[in-house]
1. Condition first: surrounded by 12 or more Cβ atoms within 10 Å (Cβ to Cβ), of a type outside the set (G, A, S) and in a loop (DSSP other than H, G, I, E, B). Now tell me which residues in the stretch 24-67 satisfy that.
2. Which one of L46, L81 is in contact (Cβ under 8 Å) with a residue 12 or more places away in the chain and more than 14 Å from the chain's Cα centre (by Cα)?
3. Out of E99, E14, E40, E71, report the one residue that is more than 16 Å from the chain's Cα centre (by Cα), charged (D, E, K, R) and at pLDDT 90 or above.
4. Which numbered condition trips up E71, out of (1) farther than 25 Å from A94 by Cβ; (2) open to solvent by 60 Å² or more (accessible area, probe 1.4 Å)?
5. Would you check if V92 is surrounded by fewer than 19 Cβ atoms within 10 Å (Cβ to Cβ) and either of a type in the set (F, W, Y) or at pLDDT 95 or above (or both)?
Amino acid sequence: MTNSLPAAAADLAEQHPDIWSAYSSLGNACANAGPLSDREKRLVKLALGIGANSVGAVHSHSRRARSEGIEDAALVQVALLAIGPLGLPRAVAAKTWIEDKTD
């Protein structure tokens, strides 16, 4: 599992497996706490990354969304929806992060 994690998270998982296990369990419980589809959950996570102004989260959730078959147009729409609540500069920045297609 730690092979697919960013380096810092993988280090934490290896050095503190009890903390990582608790964190993973909480994430799984939250993911299954309601009626959202997997697609909806991924788009919400992308939106939260945009709202938090987290380049890493936007890259990660964009990459995961693509691997799950979510089209680029949907990802860009999430960035455009940020214009109202977050402002044009934040939305434009998010759009560029989504389009980075980092691997």
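The values are calculated or read from the model by the stated rules, or taken from the named source; none is laboratory data. The structure displayed is predicted, hence computed values, not measured ones. Cβ atoms come from the backbone with ideal geometry, glycine included; neighbour counts cover every protein chain shown. Note: accessible area is taken over every heavy atom of the protein model, side chains too, but ligands, DNA and RNA are not part of it. Shrake-Rupley method; radii C 1.70, N 1.55, O 1.52, S 1.80 Å.
1. Across the stretch 24-67, the qualifying residues are L36, N53.
2. From the options L46, L81, the qualifying one is L81.
3. That would be E14, the only listed residue that is more than 16 Å from the chain's Cα centre (by Cα), charged (D, E, K, R) and at pLDDT 90 or above.
4. It fails just one condition, (1).
5. yes
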